[in-house]
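Below: the structure, in structure tokens.
The values are calculated or read from the model by the stated rules, or taken from the named source; none is laboratory data. Because the structure is predicted, anything quoted here is derived from the model rather than measured. Here Cβ is always computed from backbone atoms with ideal geometry, including for glycine, and neighbour counts include all displayed protein chains. Just so you know, the surface numbers come from the protein's heavy atoms only, side chains and all, with ligands and any DNA or RNA stripped out. Shrake-Rupley method; radii C 1.70, N 1.55, O 1.52, S 1.80 Å.
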Amino acid sequence: PHSVQKGGNQASKFQLLDGNWNGSDVQMCQSILPCHANHQGGLGAGQLLKWMDTTACLAAERHAGIPCVTASMDDVQFEETVRVGQVINIRARVNRAFNTSMEVGIHVSVQDILSGVQKRVCMAFSTFVGKPVGTNKVQWHLEYSLASERRRLRLYNQEAFNNLMLDYHALKDDGQFIFIISECTRVESIELVLPPHANHHGNTFGGQIMAWMENAATVAASRLCGTYPTLKEVDMFQFRGPSSVGDRLVFKAMVNNSFHSSVEVGVRVEAYNCEEWNQGNPRHINSAFFLYQRTNQDGQFLPFPEDGERRYIAAMVRKRIRMARKHILYSRDEGPISVPWDKRNQVFLGYNNVAALTVLAEKQGWEVSSKNNKIRVFVLEELHLLSIKVEMVVDTPAFHAFSLLSDLKLRPQWDTNYLSCEEVERADEEETVYHIKCGPVNGSKSRDFVFLLSKRQPCKDGDPYVIALRSVTVDCLPPDENYIRSEAKCAGFLIHRLSISTCQVSYYNQVTSGVLPYIAGNLAGLSKSMEETASCCVKFLEQDTISTSL
């Protein structure tokens, strides 16, 4: 068998999400020719989107037995560049049929002819609706899979967007953002839909519309970057209505925001028939947001236009939602995380525990996502790693907060996720092993963790108090069949003294698959769980100070 690098493992995980690939799948193989390539010699993203949409549509129709049309395509993340001479394989299958719609999973891999090595190019999920003959609606049988969770995120996408917009507007009012944009990136392009652009139902081929959108977005991004930009991701195509042969399609694109390593371009598609064209009355049929890779040499923005503030903030919110969807639905198996606990190796384990937390805290690029009174929440994304930070200003002495937070047996008093916490082994005053039991999330089983807690007092003025946590394994606590044994790689608190009676408590967590369920709603903008837990922590620390002084 051919060797599989990177994409092979990811493809297997994709298959496990929705069952093994079988004879009902639809596959398309394409040899990449020069006519498919862009100006850089790679497969054009627009061409790939056309092939993906075609394959997914045929899979939907094979399952439904009637004509189907594209309703949406979820985020697409391009992981590999496909070159002329290589072969791509596109596979699509129906993951779940809902009442009147169905989700189709799409997996694209590339194979080098000479070496035989396969890699994953991208994966996506499309939603299709049937077009029955007559006026009757189509109702399909339900098939269980993780498609239901993806559908829930799609349905609540607007609610999450609105919630996060409120948070980011508050940050704007607090002076967190500097609004810059370039009007010169605005692009408007028109296409006349001809018979070759129509699918076998007479409507404009969805993949063709996607390809035209990608072209307009690329032009807009190139005007900012001053070079040929590389498309890395597309944020959910939303088909709002059909178009057909004879329609004029107007594509409007403009850069919305420029992040540290990417540029977001928004594209809106308007359709006109002859009558609507004369009246200037368009139909909004599609919108999507394209993410291009940028470098430090890219162009700078010009003064901000009148409606740019809304687009600028909205781009930040979409980035947050994309990040949440990626880590919730496409989480990767990080492999074993726990290390064996051995008191004879206590110095080494404790040092690594504290050092990992200190390194995480010193990383650059933390982005504030919410601010509420004394609490601020930050996120940091590095490739496939996601970390969170919660900063709290507490009216209590730093040493007092350190004493309370370093005793994990007290944590159930303020953290509702903790059902119980028992001390397993105390090596000395600085290292202790705990067994924590946490409640279930979304109907799943309860989880438990085995943590090594390492605490350190400041060596000199200005240094923080440190409480570091990481998962370990101990022989006396094997996994319990009643719990999902979960792991944390790096978590804990840094406590800085602000004055005699106040301190700043910063909580860090490098998110793992075991931790993710407890913060997923917060990341996606569907809850305020982290802010609520932090508020309970502040209240606990301050109330305890009052009761102690009395």
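Any residue in the stretch 488-498 that is in contact (Cβ under 8 Å) with a residue 24 or more places away in the chain and either surrounded by fewer than 15 Cβ atoms within 10 Å (Cβ to Cβ) or over 30 Å from Tyr351 (Cβ atoms) (or both)?
Scanning the stretch 488-498 turns up at least one residue that is in contact (Cβ under 8 Å) with a residue 24 or more places away in the chain and either surrounded by fewer than 15 Cβ atoms within 10 Å (Cβ to Cβ) or over 30 Å from Tyr351 (Cβ atoms) (or both).
Table: residues versus (1) at pLDDT 80 or above; (2) open to solvent by 20 Å² or more (accessible area, probe 1.4 Å); (3) out of contact with any Leu (no Cβ under 9 Å at 6 or more places or on another chain).
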residue	(1), (2), (3)
Ser261	no, yes, yes
Ala271	yes, no, no
Asn281	yes, yes, yes
Phe289	yes, yes, yes
Asp298	no, no, no
Arg320	yes, no, no
Arg325	no, yes, no
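If I ask for residues that are open to solvent by less than 30 Å² (accessible area, probe 1.4 Å) and hydrophobic (A, V, I, L, M, F, W, C), which ones from the stretch 524-539 would you list?
Answer for the stretch 524-539, where residues must be open to solvent by less than 30 Å² (accessible area, probe 1.4 Å) and hydrophobic (A, V, I, L, M, F, W, C): Ala524, Met530, Ala534, Cys537, Val538.
If I ask for residues that are in contact with a helix residue (DSSP H, G or I) (Cβ under 8 Å, 6 or more places away or on another chain) and modelled with pLDDT of 50 or more, which ones from the stretch 1-37 would you list?
Trp21, Ser24, Asp25, Val26, Gln27, Met28, Gln30, His36 - these are the residues of the stretch 1-37 that are in contact with a helix residue (DSSP H, G or I) (Cβ under 8 Å, 6 or more places away or on another chain) and modelled with pLDDT of 50 or more.
Could you list, in sequence order, the residues of the stretch 206-241 that are open to solvent by less than 40 Å² (accessible area, probe 1.4 Å) and in a loop (DSSP other than H, G, I, E, B)?
Pro229, Gly241 - these are the residues of the stretch 206-241 that are open to solvent by less than 40 Å² (accessible area, probe 1.4 Å) and in a loop (DSSP other than H, G, I, E, B).
Check Arg62, Arg120 and return the single one that is over 27 Å from His201 (Cβ atoms) and either out of contact with any Lys or Arg (no Cβ under 6 Å at 6 or more places or on another chain) or not hydroxyl-bearing (Ser, Thr, Tyr) (or both).
Selected residue: Arg120, the only one of Arg62, Arg120 that is over 27 Å from His201 (Cβ atoms) and either out of contact with any Lys or Arg (no Cβ under 6 Å at 6 or more places or on another chain) or not hydroxyl-bearing (Ser, Thr, Tyr) (or both).
Kindly indicate the residue of the stretch 434-447 that is under 25 Å from the mean Cα position of the chain (by Cα) and not in a loop (DSSP other than H, G, I, E, B) and also surrounded by the most Cβ atoms within 10 Å (Cβ to Cβ) among those meeting that condition.
Cys438
For the stretch 78-101, give me each residue that is closer than 18 Å to Thr127 by Cβ and either open to solvent by 30 Å² or more (accessible area, probe 1.4 Å) or free of Cβ contacts under 8 Å to residues at least 24 places away in the same chain (or both).
Those that are closer than 18 Å to Thr127 by Cβ and either open to solvent by 30 Å² or more (accessible area, probe 1.4 Å) or free of Cβ contacts under 8 Å to residues at least 24 places away in the same chain (or both): Arg91, Arg93, Arg96, Asn99, Thr100.
Kindly check whether there is at least one residue in the stretch 455-473 that is assigned to a loop (DSSP other than H, G, I, E, B), among the small types (Gly, Ala, Ser), closer than 23 Å to Val390 by Cα and touching a Gly at 6+ places or on another chain (Cβ under 7 Å).
No, the stretch 455-473 contains no residue that is assigned to a loop (DSSP other than H, G, I, E, B), among the small types (Gly, Ala, Ser), closer than 23 Å to Val390 by Cα and touching a Gly at 6+ places or on another chain (Cβ under 7 Å).
Being touching a residue at least 40 places away in the same chain (Cβ under 8 Å) and over 16 Å from Thr512 (Cα atoms) is the filter here, so list the residues in the stretch 469-487 that pass it.
Across the stretch 469-487, the qualifying residues are Thr473, Val474, Cys476, Leu477, Tyr483.
Only one residue in Gln543, Gln504 is polar (S, T, N, Q), part of a strand (DSSP E or B) and open to solvent by 20 Å² or more (accessible area, probe 1.4 Å), so which one is that?
Gln504
Go through (1) modelled with pLDDT of 95 or more; (2) touching a Phe, Trp or Tyr at 6+ places or on another chain (Cβ under 9 Å); (3) not charged (D, E, K, R) and name the single condition Asn417 misses.
All conditions pass for Asn417, except number (1).
Which residue pairs have Cβ atoms closer than 6 Å, lie 6 or more positions apart in sequence or on different chains, and pair a first residue in the stretch 256-283 that is in a strand (DSSP E or B) with a second residue that is of a type in the set (Lys, Arg)?
Asn256/Arg311; Ser262/Arg294; Val263/Arg294; Arg268/Lys252; Ala271/Arg283; Tyr272/Arg248
Yes or no: Ser420 part of a strand (DSSP E or B), open to solvent by 30 Å² or more (accessible area, probe 1.4 Å) and in contact (Cβ under 8 Å) with a residue 12 or more places away in the chain?
yes
Restricting attention to the stretch 340-372, which residues are among the β-branched types (Val, Ile, Thr) and open to solvent by less than 40 Å² (accessible area, probe 1.4 Å)?
Across the stretch 340-372, the qualifying residues are Val354, Val368.
Of all residues in the stretch 456-472, which are open to solvent by 60 Å² or more (accessible area, probe 1.4 Å) and not basic (Lys, Arg)?
If the condition is that a residue be open to solvent by 60 Å² or more (accessible area, probe 1.4 Å) and not basic (Lys, Arg), then Gln457, Cys459, Asp461, Gly462 are the ones that fit.
Could we say that Val193 is among the hydrophobic types (A, V, I, L, M, F, W, C), at pLDDT 75 or above and closer than 23 Å to Arg268 by Cβ here?
yes
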